[in-house]
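Presented below is the structure to which this report refers.
A short reminder: the numbers here are calculations on the coordinates, not readings from a lab. Keep in mind it's a predicted model, so treat the numbers as computed, not measured. Positions of Cβ are backbone-derived with ideal geometry, glycine not excepted, and every protein chain shown enters the neighbour counts.
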Ligand code: NAD
């Protein structure tokens, strides 16, 4: 295995901590990419990795992503991430969680953890019995989905203004992929303002029932990418914009809540070359993290919502700069984030 410094995803991370406790079977990596803006904040992932290097790579990559996301959300938080290397059966004992909580605690508040894949709300409550460095506990703002949905709605409106020159989404055709917590909430906001909706979900009945309620059309999940619409809003899976889909989309803008929408990155260039406006995912979907981090920011609901209200301005700053500098919005967002964290 190459040295940590030589891994392609190593980006001058401030520190990377490895924990190993044979007694409980805990093996974990906590990666602090940056504490420039505040404690490194980001969730804990509990996952069975093919090998140790994949786990370390994931921690490096995800913690850098959190630095960018938290910076662009205007939070006083840096970027960190923890991964727990689960066994093939994903055995999660309370002793293992407790040992992990002590690992988090040993960093003295430089890392603040939250929920991620494989970690439940009950796990977070268990961690909080041993360390205070946790965010997003029950009673602290609740489900991030509705906050993310509101931020995405404001971002879709900003995209409509920019790409279509309209001040309202009344009559604007939005194709929403995935009508769960984020996409469903977004569809409701859009419908309330008179948008024309096409909805899709792998659970077709779910899309059909929401379309019937809100007055839109439901299509098969395989058809949503070829809908002739004004805006495509991915709110289901990541990596949805591939070379092929970027070339085939029949919209003026892509603005949605899903994480990591661009499959490998360069697809952003295809969108730009085709005149399709892209709202960088981690900027438009920051409502949830803004809500989760309220405990660090000491923010009440009004303060959380005021910060979510800033998402359109941030997107416009990115789009202005992309236009002026000839780069894609995704490239500009990363650059702006790096400037904010002093890189
Ligand atoms: P969710 O599980 O509530 O909803 C996802 C929906 O997408 C489900 O209804 C599911 O059936 C559907 N779906 C899955 N695969 C699909 C496909 N191929 N085509 C169409 N529909 C499909 O999840 P969510 O909380 O709404 O999150 C949606 C996306 O937004 C995810 O990528 C998530 O990582 C991202 N995100 C969520 C939040 C949040 O606060 N919940 C914050 C930031 C980013």
Notebook entry, point to check: On full extension of the chain, what length is gained from residue 269 through residue 105, given 0.36 nm per residue of separation minus the C-alpha to C-alpha distance?
Noted result: 54.8 nm
Item checked: Cα-based equivalent ellipsoid of the chain: semi-axis lengths in Å, sorted from largest, via gyration tensor -> 34, 22, 19
Notebook entry, point to check: Which whole-angstrom value gives the distance between the alpha carbon centres of segment 263-296 and segment 314-343?
Noted result: 11 Å
Next item on the list: Could you line up 233, 222 from fewest to most neighbouring Cβ atoms inside 10 Å?
Entry: 222, 233
Checklist line | Fewest-first sequence of 23, 81 by Cβ atoms within 10 Å of each Cβ | finding: 23, 81
Next item on the list: Pull out the extension gain between residue 88 and residue 243, defined as 0.36 nm times the separation in residues minus the alpha carbon to alpha carbon distance; nm, one decimal.
Entry: 52.4 nm
Margin query: Helix-only mean residue ellipticity at 222 nm, the chain, DSSP H runs n ≥ 4 weighted -39,500 (n - 2.57), per residue, nearest 500. What is it?
Written below: -13000 deg cm²/dmol
Note to self: For a quick check: sort 5, 47, 319 by the number of other beta carbons within 10 angstrom, fewest at the front.
What the structure shows: 5, 47, 319
Check: When the C-alpha atoms of segment 145-340 are aligned to their principal axes, what extent does each axis show, in angstrom, from largest down?
Finding: 44, 41, 30
